[in-house]
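Have a look at the structure below before the remarks.
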Amino acid sequence: MISVKKVDNRPLNFLERIYLPEIVRGLLVTSRHFFVNLFNPKGMPTVQYPEQKLPLPHAAKERTRHRLKLRADGTPKCVACFMCQTACPAYCIRIEAAEYPDNPVEKSPAVFDIDLSRCVMCGMCVEACPEDAIAMDTLEIPGGALSRAQLKLTKEDLLMTLPGDPSDKGAANRLANEHMKSRGEA
Amino acid sequence: MMELLEANKDMLLFTGAAVLKIGVFLNAIMGFAGLLTLAERKVSALMQDRIGPNRASVFGFAFNGLFHPAADGIKMILKEDFVPGRADKLLFTLAPFFALVPVLALFAVIPFGDYVMVFGYQLDLVIAEIPLSLFLVLALSGIAIYGVFLGGWASRSNFALLGALRGAAQMVSYEVVLGLTLVGLLMIFGTASLQDLVRAQGRLLFGWLPAWGVVVQPFAFILFFVAAIAENKRTPFDLVEGESEIIGYFMEYSSMRFAAFMFSEFVEIILVSMLSATLFFGGWQVPYLYESGFILPGGAQFPLNHYLIAALQTGAFAAKTVAFSWLLLVIRWSLPRFRFDQLMGLCWKRLLPLALLNILLTGAVLLFLGKI
């Protein structure tokens with residue numbers, strides 16, 4: 001269905017055509033805003049951003065700075081499968097894989113760099129990760145920097161555990177976690 | 001030596017007083033113009049529910065943005081002073097002066113108070129008391145067009161030249177209206193000296209209404225104010241420069257040369273405010289305040305000290321100036337811009353006939369009242 005809105009384009013009457021009363025009406029609107037805000041600056045919606053932050057609405061929390069989750073034993077959950085690097089539309093992730101000396105099954109990232117100056121905060125890496133190892137829930141919003149180097153996140157910057165993180169306990173990967181959760185063991 | 005001083009005492013006192021008045025008045029205007037650059041941003045911010053600039057700080061004290069004019073000035077001085085290779089160097093350098101100097105010179109004839117008695121001498125509170133100062137105002141504001149046109153012409157840039165053409169056409173057109181709207185005042189008050197105009201506005205009509213210009217010529221005030229905003233090249237008539245979209249006559253200018261053009265616009269805001277206050281809102285007049293003190297219409301008298309009266313009158317003039325400057329800022333941030341043909345149409349097809357009609361009606365009323 002196409003909805004049609006009928007506009008009543010009646011010709012302007014004399015008072016509207018000389019504009020002055022309409023200009024005065026417009027000035028009253030703007031000067032009302034001026035005086036209300038002058039005497040009640042707290043009523044303005046603007047916040048002093050870097051010092052003062054508004055709580056992020058629900059979905060926006062999942063599009064903040066990246067982090068790499070840790071297992072209970074302190075090793076990164078990431079297995080260096082390159083899924084996120086492949087999925088990334090901005091080519092901002094760089095991974096170099098390494099092997100554990102005692103673990104013949106999994107790899108681990110030796111290098112995990114994210115170039116925030118190229119990142120478009122799309123969250124594709126989070127979607128692509130089969131291990132639930134990368135997340136964008138730190139609530140930090142990447143801001144300005146004085147050099148490009150400051151915008152490059154290395155593995156050390158990324159590895160962190162947030163309080164209340166379910167990855168603190170449990171098995172190595174997501175499927176195992178869900179399996180244990182369904183049995184009521186985690 | 002002493003004899004020489006004694007012989008030329010009046011001359012020396014006159015010179016000293018003039019230098020003092022110029023120093024105080026001009027510095028007040030420059031300071032106010034600097035503050036206006038901040039006020040423009042703060043007022044627009046508050047009108048749009050924003051906070052406005054508040055980050056420039058000295059030793060961590062920001063005073064809600066008070067240092068921004070200083071920061072802007074320092075930034076302007078430190079920027080590269082670039083002159084295009086094909087520009088006419090002399091005219092390119094002269095243009096900012098032509099924009100700024102006539103506007104500043106105009107303040108010489110604006111009365112900011114009646115007079116004060118200092119050591120038995122009468123000190124007029126106007127820098128230069130000229131019998132035909134109203135015409136000097138019109139003449140000098142005509143010279144300001146040279147700043148606009150030379151700026152566009154000397155940069156040898158086609159865009160700047162187009163901006164200059166628009167600017168010159170607009171300013172020349174509105175100059176005519178600006179002059180014609182004031183004829184009614186000249187007919188009523190019979191003087192072209194701004195100081196005498198203000199003194200004449202201290203009279204009362206019907207025993208209680210101050211004979212301010214806006215009371216006797218309300219229609220002329222609206223026309224004058226519209227033409228003055230257009231002459232000042234501010235929104236809604238700012239298509240000379242059109243900061244946001246179109247390119248203006250000072251396109252090739254940078255650094256302090258650009259700042260001179262920008263600053264002259266803010267000084268012109270003060271000038272237009274002061275002229276509106278002087279011509280139509282009684283200048284330094286406070287209603288019912290005379291040389292001896294307040295005399296209310298009922299006959300009640302409140303004698304006041306001479307210096308207190310002078311301070312009150314100068315304060316009233318300052319308050320009127322600030323109020324008009326605020327109004328100009330609010331108008332600039334409320335109204336959209338005209339199209340160029342609408343701008344010219346408004347001037348030649350609407351304002352000019354209305355100004356002529358105003359002269360005719362004023363003359364008819366004066367004739368009817370038997371004042372001519």
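Can you list the lysines whose alpha carbon sits under 19 Å from that of A:LYS152, skipping same-chain ones fewer than 8 residues off?
The reachable lysines, counting only those whose Cα sits under 19 Å from A:LYS152, are A:LYS69.
So how do B:268-277, A:5-14, B:154-163, B:298-307 stack up, highest first, on mean other-Cβ count within 10 Å? Write down the numbers at each step before the final one.
On the way: B:268-277: 24.6, A:5-14: 6.3, B:154-163: 19.4, B:298-307: 10.7.
Final packing ranking: B:268-277, B:154-163, B:298-307, A:5-14.
Check cross-link reach from B:LYS320 to the lysines: straight Cα distance under 30 Å, and skip same-chain residues fewer than eight apart.
Within the straight-line cut-off, B:LYS320 pairs with A:LYS42, B:LYS21, B:LYS42, B:LYS233.
Mean residue ellipticity at 222 nm from the helices of chain B, using -39,500 (n - 2.57) per DSSP H segment of n ≥ 4 over the full residue count, to the nearest 500 deg cm²/dmol?
-20500 deg cm²/dmol
Between A:VAL29 and A:SER147, what length comes free when the chain is fully extended (0.36 nm per residue of separation minus the Cα-Cα distance, one decimal in nm)?
Working: separation 118, 0.36 × 118 = 42.48 nm, distance 4.43 nm.
Taking A:VAL29 through A:SER147 to full extension adds about 38.0 nm, to one decimal.
When the chain is fully extended, how far beyond the present Cα-Cα distance does A:PHE39 get from A:ARG118, taking 0.36 nm per residue of separation? Write out the running numbers ahead of the final one.
Working: separation 79, 0.36 × 79 = 28.44 nm, distance 4.31 nm.
Fully extending the segment from A:PHE39 to A:ARG118 adds 24.1 nm.
With θ set to phi - 60°, apply the Karplus curve 6.51 cos²θ - 1.76 cosθ + 1.60 along segment B:48-63 and write out the HN-Hα couplings as whole Hz, x wherever there is a Gly or Pro.
9, 6, 10, 9, x, x, 8, 9, 4, 9, 10, 6, x, 9, 9, 6
Spelling out what I want: for every residue of segment B:268-277, take phi, set θ = phi - 60°, compute 6.51 cos²θ - 1.76 cosθ + 1.60 (Karplus), and round to whole Hz; glycine and proline get x.
5, 4, 5, 4, 4, 4, 5, 5, 4, 5
Given H placed on each backbone N at 1.01 Å, which residues far from B:LEU123 in sequence or on other chains put an amide H within less than 5 Å of it?
Here the answer is B:VAL116, B:MET117, B:VAL118, since their amide H atoms fall under 5 Å of that of B:LEU123.
Calculate how steeply helix A:20-39 sits against the longest principal axis of the alpha-carbon atoms of chain A, using the helix alpha-carbon long axis, and give the answer as 0 to 90 degrees to the nearest 10.
Between the helix axis and the principal axis of chain A, the angle is about 50 degrees.
Amide H to amide H, which residues 5 or more places from B:GLY293 or on other chains are under 5 Å from it, using H placed in the peptide plane?
Here B:LEU304 satisfy the definition.
Please identify which residues in segment B:225-242 have an amide N closer than 17 Å to a label point set 7 Å out from the Cα of B:PHE159, following the Cα→Cβ vector.
So the set is B:239-242.
Report the calculated FRET efficiency for B:ILE247 and A:VAL4 (r = Cβ-Cβ distance, R0 = 30 Å), to the nearest 0.05.
After rounding, the FRET efficiency stands at 0.15.
Mind running the shape call on the protein assembly as shown? Use the C-alpha gyration tensor, a ≥ b ≥ c as the square roots of the eigenvalues: rounded below 1.5 for a/c, prolate if a/b tops b/c, oblate otherwise.
Values: a/c = 2.52, a/b = 2.35, b/c = 1.07.
Since a/c reaches 1.5 and a/b is larger than b/c, the shape of the protein assembly as shown is classed as prolate.
Just to confirm the number: angle between the C-alpha axis of helix B:158-181 and the first principal axis of chain B, 0 to 90 degrees, nearest 10?
Relative to chain B, helix B:158-181 is tipped by roughly 10 degrees.
Where does each of B:PHE224, B:PHE266 land when they are ranked from fewest to most other beta-carbon atoms within 10 angstrom? Write out the running numbers ahead of the final one.
Numbers: B:PHE224 30, B:PHE266 24.
The order, fewest Cβ neighbours first, is B:PHE266, B:PHE224.
How far, in degrees from 0 to 90, does helix B:218-231 lean away from the longest principal axis of the Cα atoms of chain B, to the nearest 10?
30 degrees
Which of the peptides B:139-151, A:150-162 is most tightly packed, and how do the rest follow, judged by the mean count of other Cβ atoms within 10 Å per residue? Working shown, then result.
Working: B:139-151: 21.5, A:150-162: 15.5.
Going from most to least packed, we get B:139-151, A:150-162.
Quick check for you: which residues of segment A:116-131 have the amide N under 19 Å from the point 7 Å beyond the Cα of A:ALA90 toward its beta carbon?
A:116-129, by backbone N distance to the label point.
Determine which aspartates and glutamates satisfy two conditions relative to A:LYS155: a Cα distance under 12 Å, and not lying fewer than 8 residues away in the same chain.
A:GLU96, A:ASP113, A:ASP115
Every read-out reported here was derived from the displayed coordinates using simple, explicitly stated rules and does not represent laboratory data. These numbers come from a predicted model, not from an experiment. Cβ: placed from backbone, ideal geometry, glycine included. Neighbour counts: every protein chain shown.
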